[in-house]
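To keep things clear, I will list the structure first and then write my remarks on it.
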Amino acid sequence: MKKLIKKVGLKDNDDINEINKKLEEYAKEEDKTFINTHELLVDEGCLLNEGYMVDSLHLNDEGYEFVSNTLIKYLK
């Protein structure tokens, strides 16, 4: 896992998508569930939905609620 996650200067959605793809592959190898929350937070143009964000990095209350409601389905 340490090889998979290293300090990366994320600059755009392509970087995030590439890391998420590797995380998903790793989760499959380990027989774990991977939930790609980034996919939940982007619009049709693959840009972060500003309605869920305080800035380009941090979720606002609506963003946390939306992600929480999605994740809770996996915990039941």
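From the list 57, 71, exactly one residue is assigned to a loop (DSSP other than H, G, I, E, B) and closer than 20 Å to residue 19 by Cα. Which is it?
57
If I filter the stretch 35-48 down to residues being assigned to a loop (DSSP other than H, G, I, E, B) and in contact (Cβ under 8 Å) with a residue 12 or more places away in the chain, which single residue comes out as farthest from residue 13 (Cα to Cα)?
35
Got at least one residue in the stretch 22-32 being modelled with pLDDT of 85 or more, touching a Ser or Thr at 6+ places or on another chain (Cβ under 7 Å) and small (Gly, Ala, Ser)?
Yes, the stretch 22-32 contains at least one residue that is modelled with pLDDT of 85 or more, touching a Ser or Thr at 6+ places or on another chain (Cβ under 7 Å) and small (Gly, Ala, Ser).
Counting just the residues of the stretch 33-76 that are surrounded by 10 or more Cβ atoms within 10 Å (Cβ to Cβ) and of a type in the set (Val, Ile, Thr), which one comes out modelled with the lowest pLDDT?
Per the criteria, the residue is 42.
The values are calculated or read from the model by the stated rules, or taken from the named source; none is laboratory data. None of the values given here were measured: they were computed from a predicted structure. Every residue, glycine as well, gets a Cβ built from its backbone with ideal geometry; the counts of neighbours run over all protein chains shown.
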